[in-house]
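The values are calculated or read from the model by the stated rules, or taken from the named source; none is laboratory data. Since this is a predicted model, take the numbers as computed values, not measurements. As a convention, Cβ positions derive from the backbone with ideal geometry for all residues, glycine included, and neighbour counts pool all protein chains shown. Areas reflect the complete protein model, heavy atoms only, side chains present, ligands, DNA and RNA absent. Shrake-Rupley method; radii C 1.70, N 1.55, O 1.52, S 1.80 Å.
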Amino acid sequence: MHQIIVLNCGSSSIKFAIMDADSGEASLTGVAENLGNSDARIKYKTGQQSEVMPLPEYAEHKLALASIQALISEQNSAPLAVGHRVVHGGETFTQSVLIDDEVKHALKATFHMAPLHNPAALQGIESAQEAFPDLPHVAVFDTAFFQTMPKHAYLYALPKALYEEHGIRRYGFHGSSHYFVSHEAARYLGKPIEQCNLITAHLGNGCSIAAIRQGQAVDTSLGFTPLEGLVMGTRCGDICPSLPGVLSELLGYNTKRISEMLNRESGLLGISGLSNDCRTLEEAAESGNEDAALALHIFCYRLAKYIGSYMVVTGPLDAIVFTGGIGENSSWIRETVIGMLEHLGHKVDPEKNLAARFGKAGNIAATALPIWVIPTNEEWVIARDALNISKQSN
Ligand code: AMP
């Protein structure tokens with residue numbers, strides 16, 4: 001057993017787990033939430049037992065991590081390393097790294113690319129280094145898996161100086177998830193990953209799709225930030241790039257307001273006017289809510305278009321993979337999306353589709369091309385990388 005602490009620090013939350021890097025089993029999972037607010041607290045789970053631990057009012061990352069450290073020592077576990085999820089690695093980080101001063105310095109240089117996420121990640125790393133001073137700390141980047149994308153996939157058709165001077169290009173996110181499910185798919189297919197051409201769709205509150213050719217990511221739908229591409233819970237995905245300017249002139253919105261609208265008020269929530277939650281929308285659509293039905297239809301239509309276009313990118317496909325909260329659980333979304341590809345020879349088997357839900361993997365295809373539902377486990381990728389890199393550094 002190789003236990004690893006996995007941390008995912010956001011601006012007001014820290015998700016944490018103790019995970020066995022060999023089995024992917026977590027003995028403790030939790031989240032410190034509402035940090036910086038009057039109701040800061042830690043919710044955690046050991047086995048079937050759920051607990052809530054209030055934190056002092058306005059507790060920040062440092063205090064939360066000290067309490068997480070105390071919780072971890074109560075578990076009688078002997079963690080070997082700490083793995084940190086970092087959203088943006090820019091072009092500097094093409095793989096996970098052992099965190100030292102140089103790495104922290106380089107991380108600061110990525111702040112403008114992910115202003116909401118990376119400063120919080122660094123704050124979390126520094127607090128965690130204080131809480132766990134004797135353990136090696138490893139950074140695992142959401143963007144790293146996509147650093148194999150070729151230039152023609154990652155460059156925008158913008159003046160090249162924007163890329164050369166400011167790093168403006170497509171980066172892709174959800175890399176640990178796409179990495180995990182693509183390797184799982186290779187295992188199910190009984191082929192080395194280097195021989196697999198896959199399309200992996202991570203559909204959760206955030207959504208992304210990746211084209212994987214001979215085991216390497218060659219395209220993905222999220223771009224410079226996690227806003228481009230598919231319709232998401234509250235994010236719009238692809239829109240006409242002139243729209244922010246139009247909104248500013250038409251409605252007098254400033255950039256902050258526009259960003260808030262595109263990130264938090266759009267997507268499934270924006271179209272339906274009801275919810276960003278796929279379950280709620282499926283139920284509402286079933287009972288005749290037309291806006292909910294339209295939101296789900298646009299979600300599926302955009303996804304089917306991306307799958308079609310990625311078939312051009314991957315070459316002969318070995319499998320399509322669904323993962324994430326929606327991908328793993330919504331048989332309706334999967335059947336609708338694949339139904340839009342029926343003229344290309346793809347079809348879902350309704351019984352297999354219903355069986356592959358709630359944590360169960362399965363090939364749901366009725367036709368030749370395998371369509372896999374694979375529960376993702378990003379924490380396991382982080383735990384494995386943290387273990388391997390900390391071993392190399394010894
Ligand atoms: P995630 O961000 O991966 O946790 O996924 C969250 C999304 O998964 C939300 O839109 C949920 O509505 C959706 N989801 C979870 N369970 C189901 C389900 N049984 N049917 C449809 N959507 C689901």
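This table checks each residue for (1) open to solvent by less than 50 Å² (accessible area, probe 1.4 Å); (2) modelled with pLDDT under 90; (3) part of a loop (DSSP other than H, G, I, E, B); (4) under 25 Å from Ser259 (Cα atoms).
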{"residue": "Glu102", "(1), (2), (3), (4)": "no, no, no, no"}
{"residue": "Ala106", "(1), (2), (3), (4)": "yes, no, no, no"}
{"residue": "His112", "(1), (2), (3), (4)": "no, yes, no, yes"}
{"residue": "Leu116", "(1), (2), (3), (4)": "no, yes, yes, yes"}
{"residue": "Pro119", "(1), (2), (3), (4)": "yes, no, no, yes"}
{"residue": "Leu122", "(1), (2), (3), (4)": "yes, no, no, yes"}
{"residue": "Ile125", "(1), (2), (3), (4)": "yes, no, no, no"}
{"residue": "Glu130", "(1), (2), (3), (4)": "no, no, no, no"}
{"residue": "Asp134", "(1), (2), (3), (4)": "no, no, yes, no"}
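Within region 104-143, work out how many residues are of a type in the set (A, V, I, L, M, F, W, C), under 19 Å from Ile4 (Cβ atoms) and touching a Phe, Trp or Tyr at 6+ places or on another chain (Cβ under 8 Å). Outline the logic, then answer.
Our first condition is that a residue be of a type in the set (A, V, I, L, M, F, W, C); within region 104-143, this holds for 106-107, 109, 111, 113-114, 116, 120-122, 125, 128, 131-132, 135, 138-141.
If we keep only those that are under 19 Å from Ile4 (Cβ atoms) as well, we get 121, 125, 128, 131-132, 135, 138-141.
The next check asks that each one be touching a Phe, Trp or Tyr at 6+ places or on another chain (Cβ under 8 Å); those that pass are 139, 141.
Of the residues in that region, 2 qualify.
Quick one: Ser96 ticks every box in (1) surrounded by fewer than 14 Cβ atoms within 10 Å (Cβ to Cβ); (2) on the phi < 0 side of the Ramachandran plot bar one, so which box is it?
(1)
I need the helices (runs of 4 or more DSSP H) fully contained in region 260-314, keeping only those with at least 2 residues that are among the hydrophobic types (A, V, I, L, M, F, W, C) and away from the ligand (no atom under 15 Å from the Cβ). Even if it seems obvious, please write down each step before you answer.
On the way: elements: 267-272, 278-286, 290-314.
Filter on region 260-314 gives 290-314.
Determine if region 354-364 includes at least one residue that is closer than 22 Å to Ser23 by Cα and polar (S, T, N, Q). Write out each step before concluding.
Taking region 354-364 as the starting set, the residues that turn out to be closer than 22 Å to Ser23 by Cα are 356-362.
Next, only the ones that are polar (S, T, N, Q) stay: none.
Within region 354-364 (the criterion being closer than 22 Å to Ser23 by Cα and polar (S, T, N, Q)), the answer is no, since none of the residues qualifies.
On the given criteria, is Ile320 buried (at least 18 other Cβ atoms within 10 Å of the Cβ), more than 13 Å from the ligand (Cβ to nearest atom) and within 21 Å of Ile298 (Cβ to Cβ)? So that I can check it myself, show each step before the final result.
Numbers: buried (at least 18 other Cβ atoms within 10 Å of the Cβ): yes; more than 13 Å from the ligand (Cβ to nearest atom): yes; within 21 Å of Ile298 (Cβ to Cβ): yes.
Considered against the rule, which asks whether it is buried (at least 18 other Cβ atoms within 10 Å of the Cβ), more than 13 Å from the ligand (Cβ to nearest atom) and within 21 Å of Ile298 (Cβ to Cβ), Ile320 comes out as yes.
Please verify whether region 203-212 includes one or more residues that are touching a Phe, Trp or Tyr at 6+ places or on another chain (Cβ under 8 Å) and either more than 30 Å from Glu260 (Cα to Cα) or open to solvent by 20 Å² or more (accessible area, probe 1.4 Å) (or both).
No.
Identify, from the list Leu63, Leu71, the residue that is over 15 Å from His137 (Cα atoms), at pLDDT below 95 and open to solvent by 70 Å² or more (accessible area, probe 1.4 Å). Break it down into steps so the answer makes sense when it comes.
Working: Leu71 fails: open to solvent by 70 Å² or more (accessible area, probe 1.4 Å).
Answer to the check: Leu63.
On the given criteria, is Ser38 farther than 20 Å from Glu130 by Cα, part of a loop (DSSP other than H, G, I, E, B) and of a type outside the set (Asp, Glu)? Write out each step before concluding.
Numbers: farther than 20 Å from Glu130 by Cα: yes; part of a loop (DSSP other than H, G, I, E, B): yes; of a type outside the set (Asp, Glu): yes.
In short, yes.
Restricting to helices (runs of 4 or more DSSP H) lying wholly in region 320-394: which have 2 or more residues that are under 30 Å from Val97 (Cα atoms) and touching a Phe, Trp or Tyr at 6+ places or on another chain (Cβ under 9 Å)? Step through it out loud before you land on a result.
On the way: elements: 324-329, 331-339, 350-355, 378-392.
Where helices (runs of 4 or more DSSP H) fall fully within region 320-394 and carry at least 2 residues being under 30 Å from Val97 (Cα atoms) and touching a Phe, Trp or Tyr at 6+ places or on another chain (Cβ under 9 Å), they are 378-392.
Does at least one position in region 140-154 carry a residue that is surrounded by fewer than 18 Cβ atoms within 10 Å (Cβ to Cβ) and among the acidic types (Asp, Glu)? Please lay out each step first, then the result.
To start, the set of residues in region 140-154 that are surrounded by fewer than 18 Cβ atoms within 10 Å (Cβ to Cβ) comprises 148, 150-153.
Restricting the remaining residues to those that are among the acidic types (Asp, Glu) gives none.
Checked region 140-154: no residue is surrounded by fewer than 18 Cβ atoms within 10 Å (Cβ to Cβ) and among the acidic types (Asp, Glu).
Inside region 30-69, can you point out the residues that are without any contact (Cβ under 8 Å) to a residue 24 or more places away in the chain and within 25 Å of Leu387 (Cβ to Cβ)?
Taking region 30-69 first, the residues without any contact (Cβ under 8 Å) to a residue 24 or more places away in the chain are 31, 33-34, 38-39, 41, 43, 45, 47-58, 63.
Selection gives Val31, Lys45, Gly47.
Hey, does region 361-374 have a residue that's within 15 Å of the ligand (Cβ to nearest atom), within 16 Å of the chain's Cα centre (by Cα) and open to solvent by 20 Å² or more (accessible area, probe 1.4 Å)?
no
Tell me, please, whether a residue that is of a type in the set (Gly, Ala, Ser), under 15 Å from the mean Cα position of the chain (by Cα) and away from the ligand (no atom under 14 Å from the Cβ) can be found in region 193-206. Step through it out loud before you land on a result.
Quick first cut of region 193-206, residues of a type in the set (Gly, Ala, Ser) only: 201, 204, 206.
Then drop every residue that is not under 15 Å from the mean Cα position of the chain (by Cα), which leaves 201, 204, 206.
Keeping just the survivors that are away from the ligand (no atom under 14 Å from the Cβ) gives none.
Scanning region 193-206, I find no residue that is of a type in the set (Gly, Ala, Ser), under 15 Å from the mean Cα position of the chain (by Cα) and away from the ligand (no atom under 14 Å from the Cβ), so the answer is no.
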